[in-house]
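Notes for the one structure printed next.
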């Protein structure tokens, strides 16, 4: 719910908790957000209590979420897609550095700030966040609860096995695939294998030849078929490695797109333009994603691109929806919750909490903004 502070006029978002059973998750989210401060993490503004229920106030992000942006007709260059992916990776790198992992990282929970300079992604919704588990040698390992949004959940989570922050990396890989192909995570659109991994062979057919190869490769490395050799969760990259890889890809892609634009501008010069016909309408193609126009080479690949030998092809096997095979997942269209542990609520951080917002005056609901 969008609200406005009566005294300052500042627009914020009121995240209302209407379920008594979800009170613990809301408390967990508030406790955690109050201790986080990063440009790619949703900013916590305060809390309010109404009829015994705790509600959170966060900053207002004007561009909706990433899933909505990808589903819109807005052109997105490859450099912008890489930049959005880098924003999310920076947020998760920060979160993991504080000993916390998200457990519900989805394109719905990645918000998009729209500014004159472009888009910035911000990670939100920490209601299922948990302390990264540490298991000592020889001790009994008890898995964490099976929680999250099934389409983005790592295979080891869905199987009820031991999992850790590498589950966030798998979810991030699914987001990369959504961003690359501009399709939803629903397996009716984003092809999956029977063991909940990415169907690499089929997904390749959905990707244009102009996609930066290293960008596609990174997505595969995060969430490929878990039955492939050497693709255990421990082999997924860290967000430190991911940010370093994306920074290299972005730098190269910006350079390639700049060269392509200059080349297009040069070839489209005409005598009329040289005579100063400013009244002519600009070429509308140049307002579109440059990835729709100019294929480009990519940086040196960091991981092998070959899919595992067991990967299915679209021609030999029908597309499967592994989430429909399990009754508890309800086709993957539900969200799984748990009871928060005391460990994440009692966490302390080295950095100070953000400056508190004075809420001496009440906030007033704003009309919904489409």
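Step by step: first the residues of the stretch 113-123, then only those that are out of contact with any helix residue (DSSP H, G or I) (no Cβ under 8 Å at 6 or more places or on another chain) and at pLDDT 95 or above, then the one that is surrounded by the fewest Cβ atoms within 10 Å (Cβ to Cβ). Which residue is that?
The residue in question is 114.
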- Being under 17 Å from residue 211 (Cβ atoms) and free of Cβ contacts under 8 Å to residues at least 60 places away in the same chain is the filter here, so list the residues in the stretch 252-263 that pass it. 252, 255, 256, 260
- Item | Leading residue by the ranking (surrounded by the fewest Cβ atoms within 10 Å (Cβ to Cβ)) among those in the stretch 198-213 that are part of a loop (DSSP other than H, G, I, E, B) and out of contact with any strand residue (DSSP E or B) (no Cβ under 6 Å at 6 or more places or on another chain) | 209
- Query: Checking residue 140 against (1) free of Cβ contacts under 8 Å to residues at least 40 places away in the same chain; (2) in contact with a strand residue (DSSP E or B) (Cβ under 8 Å, 6 or more places away or on another chain), which single condition isn't satisfied?
  - Reply: (2)
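Per-residue answers, yes or no, for (1) in contact with a strand residue (DSSP E or B) (Cβ under 6 Å, 6 or more places away or on another chain); (2) at pLDDT below 95:
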| residue | (1), (2) |
| --- | --- |
| 185 | no, no |
| 194 | yes, yes |
| 219 | no, no |
| 225 | no, yes |
| 228 | no, yes |
| 238 | no, no |
| 270 | no, yes |
| 277 | no, yes |
| 281 | no, yes |
- Test: residue 128 is farther than 19 Å from residue 72 by Cα, buried (at least 18 other Cβ atoms within 10 Å of the Cβ) and either without any contact (Cβ under 8 Å) to a residue 60 or more places away in the chain or touching a strand residue (DSSP E or B) at 6+ places or on another chain (Cβ under 8 Å) (or both): yes
- Query: Of all helices (runs of 4 or more DSSP H) completely enclosed by the stretch 1-102, which ones contain at least 1 residues that are closer than 19 Å to residue 239 by Cβ and modelled with pLDDT of 90 or more?
  - Reply: 66-71, 78-97
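The rows are residues; the columns are (1) farther than 23 Å from residue 323 by Cα; (2) part of a loop (DSSP other than H, G, I, E, B); (3) touching a helix residue (DSSP H, G or I) at 6+ places or on another chain (Cβ under 8 Å).
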{"residue": "106", "(1), (2), (3)": "no, yes, yes"}
{"residue": "111", "(1), (2), (3)": "yes, no, yes"}
{"residue": "160", "(1), (2), (3)": "no, yes, no"}
{"residue": "174", "(1), (2), (3)": "no, no, yes"}
{"residue": "190", "(1), (2), (3)": "no, yes, yes"}
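The values are calculated or read from the model by the stated rules, or taken from the named source; none is laboratory data. This is a predicted model, so every value here is computed, not measured. As a convention, Cβ positions derive from the backbone with ideal geometry for all residues, glycine included, and neighbour counts pool all protein chains shown.
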